[in-house]
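The values are calculated or read from the model by the stated rules, or taken from the named source; none is laboratory data. Bear in mind the structure is a predicted one, so any value in this text is a computation, not a measurement. Don't worry about glycine lacking a Cβ; one is built from the backbone with ideal geometry, like all the others, and counts go over all protein chains shown.
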Amino acid sequence: MIDHSKLSQKYGGNAPRYTSFPTAPHFNASVTEDVYRTWLSGVGAGEPTSLYLHVPFCHQLCWYCGCNTRATQSYRPVAQYLEALIKEFTSVKDAMTERPVIKAVHWGGGTPTIVTGGDFLDAMNKLRGVFDLAPDAQIAVEIDPRSMTESKAELLACAGVTRASLGVQEFAEHVQSAINRRQSHQQVARTVAMLRAAGVKSISFDLMYGLPKQTVADVEKTAALTAELRPERVSVFGYAHVPWMKSHQRLIDEATLPGERERLQQSIAAARVLKQAGYDAIGLDHFALPNDSLSVLAKSGGLRRNFQGYSDDPANTLIGFGASAIGSFPQGYVQNITDTRDYLAAIKDGRLPIARGIATSDEDRLRRDIIERLMCDYSTDLGAVCRKHGASPGLFTDERNRLEEFAKDGLVAVEGDVIKIPGEFRPYVRSICAVFDNYLKTGKARHSRVI
């Protein structure tokens, strides 16, 4: 029997989530507005491209949240921000010499549905007037079930929304109180019914483990109730307690947080319940019904990983809009100004609101491919990836030596150039990926716990 208590002490430290590589803490001011304009001008005609739109507002701040957002009871700042966001559409389009085809749009936050249904529909119409959205474009929006109405659900569907992601986290009331997010199972079930009735084809739930006062039994019950509502996708994220980054997390009593052993038990319990209910496990923390595109791609080796986690989006270009939004290009990453007031000022001045980024090197792209395949497939062929990038596998001699310790404990199996992570050790995949992260040596960032 595996002694996860010893393994978690040895390998369950801090590591990035690897939704990008290099990771965001290593972005810097070297990527300027001029650099961004150059990258935008290089996007080809008809090139599949995705858009991310960030709305940094909520009606109420949840204490666990790690996103760039703030609470507001007034709609005025939301309306002003939306106006600036629409202006950014045009500014980005004007910097492009060709017209790509938009295959996916993701509204994130914050709470994008803090925007009124009518304003959301207007923003989507204006987006379509600026960019060429493919007829089959996937349009996703993150939703707070507490504020959903039938009319808003209908307007979202009218705007073309194909997937709604509901922030559920946990159904146990004592946990909801501890994270300042009270919402009933009835509210969530009613929101699902309204979205289905309006014609939104795909629903996803975001759940969490490792929350204050949360138990294994709580996680099991929430997973079971989730499965009964039958969302097409479920994400089960481990709560990242990073009060040095998010000061409002100091409102959570650290003494009530589960330890590493219980966090692992909660993660395993959620996975067990969902798999017994017919969901396929996708990567580290996603689940999907067998006919969902995530499941299909996971089986075929085509799964991707980006800032939304595991993804079926094949586009190599992602353009970010709004405060703190991150874009991804073949040349590197860019991130918008985080502070909302500074973002609004930049848009008012007619500037692209870029704050920082990083240009990726050939070695960065090589290491990114290795890490992505480990995160998505739990295996990678170093020789094949190196040949694809015109590099020698000898580049990773040090990494191979470091993996020997992992192999002794059974966390990896290395056969020639092929590295595989056995199923029972997959919770440690981020620690294994960190072996290939040459940026960690700089010690610039603090990261969340692996488990």
Q) Pick from Tyr64, Tyr18, Tyr75: which is out of contact with any Lys or Arg (no Cβ under 8 Å at 6 or more places or on another chain) and among the hydroxyl-bearing types (Ser, Thr, Tyr)? A) Tyr75
(Q) Which condition from (1) modelled with pLDDT of 95 or more; (2) in contact with a Cys (Cβ under 9 Å, 6 or more places away or on another chain) is the one that Lys246 breaks? (A) (1)
**Q.** Scope the stretch 318-351; condition of a type in the set (A, V, I, L, M, F, W, C) and closer than 22 Å to Thr69 by Cβ; matching residues
**A.** Leu318, Ile319, Phe321, Ala323, Ala325, Ile326, Val334, Ile337, Leu344, Ala345, Ala346, Ile347
**Q.** Residues of the stretch 319-344 that turn out to be under 24 Å from Phe237 (Cα atoms), of a type in the set (A, V, I, L, M) and surrounded by 22 or more Cβ atoms within 10 Å (Cβ to Cβ), as a count
**A.** 2
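Of everything in the stretch 252-278 that's in contact with a Phe, Trp or Tyr (Cβ under 7 Å, 6 or more places away or on another chain) and assigned to a helix (DSSP H, G or I), which residue is farthest from Leu211 (Cα to Cα)? Break it down into steps so the answer makes sense when it comes.
Step one: filter the stretch 252-278 for residues in contact with a Phe, Trp or Tyr (Cβ under 7 Å, 6 or more places away or on another chain), giving 252, 263, 266-267, 270, 274.
Narrowing the set further to residues that are assigned to a helix (DSSP H, G or I) leaves 263, 266-267, 270, 274.
Numbers: Arg263: 9, Gln266: 10, Ser267: 12, Ala270: 14, Leu274: 19 Å.
Ranking the qualifying residues of the stretch 252-278, first place goes to Leu274.
This table checks each residue for (1) in contact with a Leu (Cβ under 7 Å, 6 or more places away or on another chain); (2) surrounded by fewer than 21 Cβ atoms within 10 Å (Cβ to Cβ); (3) at pLDDT below 95; (4) closer than 28 Å to Ala178 by Cα.
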site: Leu251; (1), (2), (3), (4): no, yes, yes, yes
site: Ala255; (1), (2), (3), (4): no, yes, no, yes
site: Glu260; (1), (2), (3), (4): no, yes, yes, yes
site: Gln276; (1), (2), (3), (4): no, yes, no, no
Q.
For Arg17, only one of the following conditions fails: (1) among the charged types (D, E, K, R); (2) out of contact with any Leu (no Cβ under 8 Å at 6 or more places or on another chain); (3) at pLDDT 95 or above. What is its number?
A. (3)
Q. Counting only residues that are more than 22 Å from Leu155 (Cα to Cα), exposed (fewer than 15 other Cβ atoms within 10 Å of the Cβ) and among the polar types (S, T, N, Q), how many does the stretch 74-126 have?
A. 2
